[in-house]
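The values are calculated or read from the model by the stated rules, or taken from the named source; none is laboratory data. What you see is a predicted model, and the numbers here were worked out from it, not measured in a lab. Every residue, glycine among them, receives a Cβ derived from its backbone with ideal geometry; neighbour counts consider all protein chains shown. SASA here: full protein model, heavy atoms, side chains in, ligands and nucleic acids out. Shrake-Rupley method; radii C 1.70, N 1.55, O 1.52, S 1.80 Å.
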Amino acid sequence: MNENWFDLPHVVQADEVDAQQHVHNLRYLQWSLWAARDHNATAGWDAASALSEGFGWVVRDHEITYRVAAVADQEIVVRTWVSEISRYSSTRKTLVCRPADQKVLARISTRWVYVDLKRHRALEIPAEAKAGLAIQDSTPPLPWELSSE
């Protein structure tokens, strides 16, 4: 794994497929949230501790571009990275990829805000949160473009 980005491998489950026989659009969003959670955890962010103190990350907005459909039993990689951090928010980019045929299924951009959950107010992002995540300001190589990670 590269410290600038995080890969969440996933096998598409049958219950993630909708009536049109492809993955429901909300699943792409869920995968991006799982990848963000796991990336933050590997960077040392203790979400449970922050939550117990009344602080956490909330989504300000998502932008998703769907490119190719996924179906059940396909292996995908959800690659995520932080592209920008400002005083009160961070932007996280995510690619949902299918290495078997080298397709990018979706591109996602999410702006996160650090919040005092008791007062419902945005807060300056703590230094320890900023310190744990490296900024990747350009799209990293796709999973199949790397000889080894």
The condition from (1) closer than 22 Å to A47 by Cα; (2) touching a residue at least 12 places away in the same chain (Cβ under 8 Å); (3) not β-branched (V, I, T) that R119 misses is numbered (2)
Of the conditions (1) surrounded by 13 or more Cβ atoms within 10 Å (Cβ to Cβ); (2) part of a helix (DSSP H, G or I), R92 clears all except one; give me its number. (2)
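Do the conditions hold for V68, that is, is it surrounded by 12 or more Cβ atoms within 10 Å (Cβ to Cβ), closer than 22 Å to W144 by Cβ and in contact with a Lys or Arg (Cβ under 7 Å, 6 or more places away or on another chain)? Let's see the steps before the verdict.
Working: surrounded by 12 or more Cβ atoms within 10 Å (Cβ to Cβ): yes; closer than 22 Å to W144 by Cβ: yes; in contact with a Lys or Arg (Cβ under 7 Å, 6 or more places away or on another chain): yes.
Yes, satisfied.
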Sort out which residues of segment 1-49 are open to solvent by 70 Å² or more (accessible area, probe 1.4 Å), more than 18 Å from L142 (Cα to Cα) and among the aliphatic types (A, V, I, L, M), and write them in order of number. A14, A19, L26, A48
